[in-house]
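Below is one structure, written out as structure tokens; comments come after it.
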Amino acid sequence: HYRSPVEFEVEAIPNPEHPTELRFHSLYAADRDLSYFYETLVKLDAFVATGGDGGDGPVLPDIERVLPAVREALLDDFNAPRVLAAMHDAATIGNKLVAEGKGIDKALRRRTIARIAKDLRTAGKTIGLLESDPQHYLRERRERLVKRSNVDLSRVEQLLAERTAARAAKDFTRSDAIRAELTALGVELLDTPQGTDWRVLDSASGTIIGMQVGTR
């Protein structure tokens, strides 16, 4: 909340090449949080783009409550943490619906996913978030994190191409070996219906700190 003190944790990182390198844990955590919303929007947008928005009709009740919760939070002395909490709830439901639609009417599922994408953007805009194109934002973030983590981008690209060839040849042993090599380079692969994405891992904690958007 804007009235509360801001936690700003800073840690000096031993690095012979950059003796004064600092790690800003609070900023990195906020960065990961923001990227989660953009990654969610990429998934929601891709789902709607491939099959439509389900037309007019009702959505799941939990999603009907998102924007009213946001408005109530804003009226509560501009309570941004409550806005973010409502956005997280919506994003969690959206990710689950994209991943699994068993037992849910197809049109209802699509309408709800489309509505979540719309309401996330509306809610984010009230506190100055999610106003960039998701894929553009994530590409720029990936470039920044690749530099920060010293990821060998050319080697990653080479291994991704080799893995694509191995999978096409059904050489899954080689494919698994390449995945392990990429992990050693600080990269986690994500196989999706749209292709293979990859994320940068935080070398200090193993936390995912970046994702490339695109088909591989």
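The values are calculated or read from the model by the stated rules, or taken from the named source; none is laboratory data. Just so you know, these numbers come straight off a predicted model, no measurement behind them. Don't worry about glycine lacking a Cβ; one is built from the backbone with ideal geometry, like all the others, and counts go over all protein chains shown. Calculation scope for accessible area: heavy atoms of the full protein, side chains included, ligands and nucleic acids excluded. Shrake-Rupley method; radii C 1.70, N 1.55, O 1.52, S 1.80 Å.
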task: Taking the residues in segment 50-69 that are assigned to a helix (DSSP H, G or I) and open to solvent by less than 50 Å² (accessible area, probe 1.4 Å) as candidates, determine which candidate is farthest from K106 (Cα to Cα).
output: A69
field: Residues within segment 111-145 that are among the hydroxyl-bearing types (S, T, Y), surrounded by 15 or more Cβ atoms within 10 Å (Cβ to Cβ) and over 15 Å from the mean Cα position of the chain (by Cα), tallied
entry: 2
- request: Could you check, for segment 165-182, whether at least one of its residues is open to solvent by 70 Å² or more (accessible area, probe 1.4 Å), closer than 24 Å to R141 by Cβ and modelled with pLDDT of 90 or more?
  value: yes
- line: Residue set L97, L27, L108; condition at negative phi, open to solvent by 70 Å² or more (accessible area, probe 1.4 Å) and among the aliphatic types (A, V, I, L, M); output residue L27
field: Residue check for S203: assigned to a loop (DSSP other than H, G, I, E, B), at pLDDT below 85 and either among the hydroxyl-bearing types (S, T, Y) or touching a His at 6+ places or on another chain (Cβ under 7 Å) (or both)
entry: yes
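Looking at E72, E7, E11, can you tell me which residue is without any contact (Cβ under 8 Å) to a residue 60 or more places away in the chain, part of a loop (DSSP other than H, G, I, E, B) and charged (D, E, K, R)? I'd like the intermediate steps shown before the answer.
Working: E72 fails: part of a loop (DSSP other than H, G, I, E, B); E11 fails: part of a loop (DSSP other than H, G, I, E, B).
The match here is E7.
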task: State yes or no: is R148 farther than 24 Å from D56 by Cβ, of a type in the set (D, E, K, R), open to solvent by less than 60 Å² (accessible area, probe 1.4 Å) and modelled with pLDDT under 95?
output: no
task: Check off (1) assigned to a helix (DSSP H, G or I); (2) more than 14 Å from L97 (Cβ to Cβ) for F47 and give me the number that stays unchecked.
output: (2)
Residue under evaluation G103, criteria (1) at pLDDT 95 or above; (2) among the small types (G, A, S); (3) surrounded by fewer than 16 Cβ atoms within 10 Å (Cβ to Cβ); (4) more than 16 Å from the chain's Cα centre (by Cα), criterion not met: (1)
